[in-house]
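Notes follow once the structure below has been shown.
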Amino acid sequence: MPSLGSILSIASSALRTQQQAMNATAHNIANAGTEGYARQVPVIAELPAVKMPNGVFGTGAGVVDIAQIRDHYADGTYRRELGYSSRDGMRSGLLGRIEGIFAEPTEGGLGAKMDTFFLAFSELATNPTDGAARNMVRESGRQLAEHFNGMAAELDSVRQTTEARLMAAVERVNELGQDIATLNERIVAAESGGTTAGDLRNERGRRLDELATLIPITVTQREFGAVGVLSAGVSLVDGAESYPLEIRNNGGALGVAVTTQTGTLTDLGGSVGGMLQVLNTDIPGYRGRLDALAEALVSEVNALHQTGRNPDGNTGVDFFAPAGINASSIALSADVVASTGAIAAGTEDTNGSYQSGANDVAIALAGLRNTADPALGAEY
């Protein structure tokens, strides 16, 4: 039969158990605003019974573990959606910077600069002998070329800063992978006695959440409390081991790969995937169209301008420098830079001489403003 002492011992154990349960509740309340915190609940179970000559008697109850309330399926769904959101948010921010470079439709945009350029030829056609009109043509041409140059330089700047951000993001992925592997090791050691290391699991969960914003991950549960982390089917963390990533350039296209493996990860989400899409698709696409526009402009303007005879008495003169044209290199020709007399407003007379009042070339050049050019594509 239990003694009075054993009865008091059971009562004392019950009080301690409830005190520990209250401590767990207080811990939950204190961390109500902590990012990534999972609620913890005490697991109360009966203590081992004592066998006596006249029977087996219980010894009360105690807290045998502090378990986490966590849904691994919900965690996986949350991290997957977090990756999509981070990818789209990163791409949206970078495309916003590119939109600011084009600045259309505004007075400071490329369209307005081209309008000013062609209107200057319209003014020259009105008064083909006016030196001020020729100055206006040269100045508007210079400003247009410099605007192309500036847009190309800004696109290059976005590319360079995005590459630097990509490098920093991959370095952070590697840091998080190493942290998760270390936490796996600590959790396995802490839970070897059969209890749950809730705070360590929360810390690992926060690392996994941050990792999901950078790169898409799938988390698999391992024995003894460890986890494995996959991205695009490739292992980044397995127990206490982590496998770092690196950036690779494959024929001008950037990709991310595990250092010990060939090939790059495919269908990436997260901010890393967003940056790769901008670097490999968006910036080259916009830059290619800008270069095509610059090349078409130079080709069309020069082709018409060469048909005219200028006040200096020359024909076949280029308005823009013709060699190696793209948005970065477009510039006035050396002849036009040297003299406004190199600008032609009309064709020569029947004797092959300059006609002071001829304006047919200037009219044709002004008309380019409303002429569709197949070299530019439908979007222009």
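Below, the figures for the structure above:
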{"item": "Subset tally (residues that are β-branched (Val, Ile, Thr) and within 26 Å of Ser353 (Cβ to Cβ)) for region 290-339", "result": "6"}
{"item": "Residue that is of a type in the set (Asp, Glu) and either crowded, with 20+ Cβ neighbours inside 10 Å or at pLDDT below 95 (or both), where the choices are Asp282, Asp267, Asp318", "result": "Asp267"}
{"item": "Residues of region 285-314 that turn out to be within 14 Å of Ala362 (Cα to Cα), open to solvent by 10 Å² or more (accessible area, probe 1.4 Å) and either β-branched (Val, Ile, Thr) or touching a Gly at 6+ places or on another chain (Cβ under 7 Å) (or both), as a count", "result": "3"}
{"item": "Selection status of Ala327, touching a strand residue (DSSP E or B) at 6+ places or on another chain (Cβ under 7 Å), aliphatic (A, V, I, L, M), crowded, with 16+ Cβ neighbours inside 10 Å and in a loop (DSSP other than H, G, I, E, B)", "result": "no"}
{"item": "Residue tally, condition small (Gly, Ala, Ser) and crowded, with 19+ Cβ neighbours inside 10 Å, over region 233-243", "result": "1"}
{"item": "Single match in Gly205, Gly194, Gly228 (criterion: over 17 Å from Arg39 (Cα atoms), among the small types (Gly, Ala, Ser) and either at pLDDT below 95 or over 30 Å from the mean Cα position of the chain (by Cα) (or both))", "result": "Gly194"}
{"item": "Residue identified as open to solvent by less than 70 Å² (accessible area, probe 1.4 Å), at pLDDT 85 or above and more than 30 Å from Ala153 (Cβ to Cβ) among Leu95, Leu82", "result": "Leu82"}
{"item": "Where a residue in region 84-109 is at positive phi and its partner, wherever it lies, is open to solvent by 80 Å² or more (accessible area, probe 1.4 Å) and not in a helix (DSSP H, G or I), with Cβ under 8 Å and at least six apart", "result": "none"}
{"item": "Residue list for region 167-201, restricted to those being surrounded by fewer than 17 Cβ atoms within 10 Å (Cβ to Cβ), touching a strand residue (DSSP E or B) at 6+ places or on another chain (Cβ under 6 Å) and not in a helix (DSSP H, G or I)", "result": "Thr195"}
{"item": "Residue within region 258-268 that is in contact with a Pro (Cβ under 9 Å, 6 or more places away or on another chain) and in a strand (DSSP E or B) present", "result": "yes"}
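The values are calculated or read from the model by the stated rules, or taken from the named source; none is laboratory data. Remember, predicted model here, so these are calculated numbers, not experimental data. Counting neighbours? That spans all protein chains shown, and the Cβs are built from the backbone with ideal geometry, glycine included. When the accessible area is computed, the model is the full protein with side chains, heavy atoms only, and any ligands, DNA or RNA have been set aside. Shrake-Rupley method; radii C 1.70, N 1.55, O 1.52, S 1.80 Å.
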